[in-house]
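Just below is one structure, and these are the notes that go with it.
Just so you know, all these numbers are worked out from the coordinates, no wet-lab data involved. What you are looking at is a predicted structure, and each value in this text was computed from that prediction instead of being measured. As a convention, Cβ positions derive from the backbone with ideal geometry for all residues, glycine included, and neighbour counts pool all protein chains shown.
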């Protein structure tokens with residue numbers, strides 16, 4: 001709780017919100033430009049929702065990432081954001097100007113904010129990389145690798161993604177539908193590359209073979 005400690009020392013007002021699994025928040029970047037929303041604990045995935053109904057995943061964020069970072073110069077009038085919790089998540093909210101307008105600005109907390117911005121932008125770049133793939137199978141595989149790298153728990157020769165992620169979630173994230181995702185997951189499971197448990201957790205059983213499959217299909221995208 002380093003954020004809470006630093007804000008308390010600076011006497012900066014803040015709020016902590018709890019999102020249970022599948023809870024969501026909606027926000028627009030231009031409504032409160034000085035507000036900062038930082039994840040203290042948990043995992044969320046963020047979507048951009050356009051006024052015409054189109055949906056585009058932008059990032060999967062976790063501890064110390066900034067939810068409402070302004071990472072684009074596009075017209076903000078035509079879309080808003082929706083952040084959905086994969087698991088129980090706690091979000092810290094405060095006004096950035098309450099820090100920057102102090103007579104003696106805390107170098108420590110400013111460095112924390114800068115680092116959080118950098119790490120958050122990197123997560124947006126990772127999602128962009130996943131979406132560059134032409135084939136949905138490669139997007140699914142790359143998403144699995146990303147989740148294993150960032151959140152995976154290693155047990156013997158397997159890597160377990162420790163939270164529920166449904167076919168619908170995966171479809172929303174990579175821009176596909178449940179039927180297509182179900183076929184891809186079933187195919188990877190039949191090849192003993194992954195296991196998709198009844199509680200909708202993904203277990204990576206054979207990372208090397210899955211990487212070989214990814215590399216094989218990747219070359220056809222050029």
Q) Does the range 109-222 come out rounded, prolate or oblate by the C-alpha gyration tensor, with a ≥ b ≥ c the root eigenvalues, rounded set by a/c under 1.5 and, if not, prolate when a/b is larger than b/c and oblate if not? A) prolate
Q: Would you mind ranking 47, 94 so that the residue whose beta carbon has the fewest other beta carbons within 10 Å leads the list?
A: 47, 94
Q) Angle between the Cα long axis of helix 136-151 and the longest principal axis of the chain, 0 to 90 degrees, nearest 10? A) 50 degrees
**Q.** Contour minus Cα-Cα distance for residue 82 and residue 49 (0.36 nm per residue)
**A.** 11.2 nm
Q) Under Stokes-Einstein, with the Kirkwood radius over Cα pairs standing in for Rh, what whole-number D in µm²/s applies to the range 104-160 at 25 °C and 0.890 mPa s? A) 180 µm²/s
Q: Residues in the range 149-188, backbone N under 15 Å from the label point at residue 56 (7 Å along the Cα-to-beta-carbon vector): list them, ranges by number please.
A: 173-176
Q. Does anyone have the angle between helix 178-190 and the longest principal axis of the chain? Alpha-carbon axes, 0 to 90°, nearest 10?
A. 60 degrees
**Q.** Convex hull of the range 2-130 built on C-alpha atoms - directionally averaged projected area, nm²
**A.** 8.0 nm²
Q: Go ahead and set up a Gaussian network model of the chain, Cα springs under 10 Å, then flag whichever of 166, 56, 209 fluctuates most.
A: 209
Q) What shape does the range 1-55 take by its C-alpha gyration tensor, where a ≥ b ≥ c are the square roots of the eigenvalues and a/c under 1.5 counts as rounded, a/b above b/c as prolate, and the rest as oblate? A) oblate
Q: Please determine, in degrees from 0 to 90 and to the nearest 10, the orientation of helix 207-218 with respect to the longest principal axis defined by the Cα atoms of the chain, where the helix direction is its Cα long axis.
A: 90 degrees
Q) For the chain, what is the convex hull volume of its Cα atoms per residue in Å³? A) 141 Å³
Q: Grab the beta carbon distance between residue 177 and residue 100, set R0 = 45 Å, and tell me the FRET efficiency rounded to 0.05.
A: 0.50
Q | Residues 78, 41, sorted so that the one with the fewest Cβ neighbours within 10 Å comes first | A | 78, 41
Q | Cα-only radius of gyration and Dmax that characterise the range 152-214, units Å | A | 11.5, 33
